[in-house]
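S.K.: A single structure is presented below for examination.
The values are calculated or read from the model by the stated rules, or taken from the named source; none is laboratory data. Just so we're clear, the structure is a prediction, and the values are computed from it rather than from any experiment. Every residue, glycine among them, receives a Cβ derived from its backbone with ideal geometry; neighbour counts consider all protein chains shown. Surface accessibility is based on the protein's heavy atoms, side chains included, excluding ligands, DNA and RNA. Shrake-Rupley method; radii C 1.70, N 1.55, O 1.52, S 1.80 Å.
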Amino acid sequence: MAELRPSGAPGPTAPPAPGPTAPPAFASLFPPGLHAIYGECRRLYPDQPNPLQVTAIVKYWLGGPDPLDYVSMYRNMGSPSANIPEHWHYISFGLSDLYGDNRVHEFTGTDGPSGFGFELTFRLKRETGESAPPTWPAELMQGLARYVFQSENTFCSGDHVSWHSPLDNSESRIQHMLLTEDPQMQPVQTPFGVVTFLQIVGVCTEELHSAQQWNGQGILELLRTVPVAGGPWLITDMRRGETIFEIDPHLQQERVDKGIETDGSNLSGVSAKCAWDDLSRPPEDDEDSRSICIGTQPRRLSGKDTEQIRETLRRGLEINSKPVLPPINPQINPQRPNGLTHDRTPSRKDSLESDSSTTIIPHELIRTRQLESVHLKFNQESGALIPLCLRGRLLHGRHFTYKSITGDMAITFVSTGVEGAFATEEHPYAAHGPWLQILLTEEFVEKMLEDLEDLTSPEEDPYAM
């Protein structure tokens, strides 16, 4: 539950801008992380020291349901000469470490990210005659923050969020989101680490699908070139009734289709409803991970496997770099708490062979099992991404992971060019606990794509391999 009031927690007014004029005792009264973000807001909006603010009545660290302590709402006049309309600018407080006392986030030092390393922003076009900002974006931001806190999956620029509902609960076609760097908010160095600002951009279903098939950054760039669809600052207009492809039909063929053909997709994985069965032989006992199937309780992944899968899902692959899966290692990168990374470019050393002189192969690798055949199961939405996985990823020498949302199960498709995989051409189906890897050759991928084109019903069974 939240309330709307002028900003300035814990007092009735917003804090003074950081600098020599700030009262000496102020730092002890106002949380330092919060103070640092307010300083960036004051730099951008010096004439709005006390904006309206949605605040959680019961803070998350006191047992409340809302992870964001505050969402401030500013009136941005835009720039008519640059075709940037007047809009409302929403800024969250709570995904980063505001307090530094471990009440919400573990303090890990000043050199790394503060908390999850980012705050969310949102720009909503101001309607004619609108004197106060709508508050529904604050609840939208709270929903995204709950996902981050509960899953410990962070967002990066270019990510997409499938929402499947109008963002404002209206009849709008804006039903999904992309994320990008806020065009005005600069990264902030706080006493508890660095905070960047990721802006939510509302998009239509067709634009989301194009971002999945190609990449989020490419679609964001197209949105910037269409003023009514976002313009340079990617301002969301909930009354937009046309997609960018309806506004300019040439964008689909000349930009998106060519981009997919040339670049493939940089979507390396999704959370999905999925399951797999080992058809080689019946499970020997309840502890055998081959008993995983729909209707049974899946075994839990080890912490090492979970971290590797999360890293795989978060890692975008360079078009011209050699695709790799991160090694199964207790600490993939000890400098990145919770797997957080600001740069999605993979390290060229992320392979089992990269540190051959020092790498210790974990004991779990010995228990990796080779399977003769497997049965994959996806719901309709997840299955609809199989062509993307095949055409946009594997044909470009990359990998794609489905991470189950109903249990700690995962399915990773790999191509022959991916290093660090435990599935090989000799043993293309391999399981490491409940994590299944499937290696598909280019010829088999082409055959699957041909068969998928022949399917007439989305209800038909997925592949049994």
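S.K.: Can you tell me which residue in region 192-203 is least open to solvent (accessible area, probe 1.4 Å), limited to those that are more than 22 Å from Arg126 (Cβ to Cβ) and among the hydrophobic types (A, V, I, L, M, F, W, C)?
M.R.: Val195
S.K.: Please give the number of the condition Ser96 fails out of (1) assigned to a helix (DSSP H, G or I); (2) of a type outside the set (A, V, I, L, M, F, W, C); (3) open to solvent by less than 10 Å² (accessible area, probe 1.4 Å).
M.R.: (1)
S.K.: Considering only residues that are within 16 Å of Ile260 (Cα to Cα) and assigned to a helix (DSSP H, G or I), which ones fall in region 364-408?
M.R.: Ile386, Pro387, Leu388, Cys389, Leu390, Arg391, Gly392, Arg393, Leu394, Leu395, His396
S.K.: If you don't mind, there's one more thing I want to ask. For region 186-197, does any single residue satisfy the condition of being modelled with pLDDT of 95 or more and either outside the structural domain of Leu95 (by the TED database) or of a type in the set (D, E, K, R) (or both)?
M.R.: no
S.K.: Regarding Pro187, is this residue surrounded by fewer than 22 Cβ atoms within 10 Å (Cβ to Cβ), under 19 Å from Ser72 (Cβ atoms) and in contact with a Phe, Trp or Tyr (Cβ under 7 Å, 6 or more places away or on another chain)?
M.R.: Considered against the rule, which asks whether it is surrounded by fewer than 22 Cβ atoms within 10 Å (Cβ to Cβ), under 19 Å from Ser72 (Cβ atoms) and in contact with a Phe, Trp or Tyr (Cβ under 7 Å, 6 or more places away or on another chain), Pro187 comes out as no.
S.K.: Restricting attention to region 71-93, and to residues there that are in contact with a helix residue (DSSP H, G or I) (Cβ under 9 Å, 6 or more places away or on another chain) and open to solvent by 20 Å² or more (accessible area, probe 1.4 Å), which single residue is farthest from Pro133 (Cα to Cα)?
M.R.: In this case the residue turns out to be Asn83.
S.K.: Of all residues being surrounded by 17 or more Cβ atoms within 10 Å (Cβ to Cβ) and acidic (Asp, Glu) in region 155-179, which is modelled with the lowest pLDDT? Just the residue, please.
M.R.: Asp159
S.K.: Kindly establish whether Ser289 is open to solvent by less than 60 Å² (accessible area, probe 1.4 Å), in contact with a Lys or Arg (Cβ under 6 Å, 6 or more places away or on another chain), more than 25 Å from Thr128 (Cβ to Cβ) and modelled with pLDDT under 95.
M.R.: Judged against the criteria, Ser289 is a match.
S.K.: Filter region 253-279 down to residues that are over 24 Å from the mean Cα position of the chain (by Cα) and surrounded by 14 or more Cβ atoms within 10 Å (Cβ to Cβ) and give me whichever is modelled with the lowest pLDDT.
M.R.: Selected residue: Leu279.
S.K.: Now a separate question. Of everything in region 133-173, what is assigned to a helix (DSSP H, G or I) and charged (D, E, K, R)? Give them in sequence order.
M.R.: Scanning region 133-173 gives Glu139, Arg146.
S.K.: Tell me, which strands (runs of 3 or more DSSP E) wholly within region 183-287 include 1 or more residues that are closer than 28 Å to Cys41 by Cα and touching a helix residue (DSSP H, G or I) at 6+ places or on another chain (Cβ under 6 Å)?
M.R.: Where strands (runs of 3 or more DSSP E) fall fully within region 183-287 and carry at least 1 residues being closer than 28 Å to Cys41 by Cα and touching a helix residue (DSSP H, G or I) at 6+ places or on another chain (Cβ under 6 Å), they are 188-190.
S.K.: Separate question: Scanning for something outside any helix (DSSP H, G or I), surrounded by fewer than 20 Cβ atoms within 10 Å (Cβ to Cβ) and out of contact with any helix residue (DSSP H, G or I) (no Cβ under 6 Å at 6 or more places or on another chain), does region 111-118 turn up at least one residue?
M.R.: Scanning region 111-118, I find at least one residue that is outside any helix (DSSP H, G or I), surrounded by fewer than 20 Cβ atoms within 10 Å (Cβ to Cβ) and out of contact with any helix residue (DSSP H, G or I) (no Cβ under 6 Å at 6 or more places or on another chain), so the answer is yes.
Residue by residue, here is whether (1) open to solvent by 40 Å² or more (accessible area, probe 1.4 Å); (2) aliphatic (A, V, I, L, M); (3) assigned by the TED database to the domain that holds Trp136 holds:
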{"site": "Thr205", "(1), (2), (3)": "yes, no, yes"}
{"site": "Ala211", "(1), (2), (3)": "no, yes, yes"}
{"site": "Ala229", "(1), (2), (3)": "no, yes, yes"}
{"site": "Thr236", "(1), (2), (3)": "no, no, yes"}
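S.K.: Would you tally the residues in region 168-220 being closer than 24 Å to Gly383 by Cβ and hydrophobic (A, V, I, L, M, F, W, C)?
M.R.: Residues that pass the stated criteria total 8.
S.K.: Only one of (1) open to solvent by less than 30 Å² (accessible area, probe 1.4 Å); (2) closer than 30 Å to Asn102 by Cβ; (3) among the hydrophobic types (A, V, I, L, M, F, W, C) fails for Leu223. Which number is that?
M.R.: Result: Leu223 passes all but (2).
S.K.: OK, next. Pick out the one residue from Gly64, Gly100 that is closer than 25 Å to Pro191 by Cβ and in contact with a Ser or Thr (Cβ under 9 Å, 6 or more places away or on another chain).
M.R.: The conditions single out Gly100.
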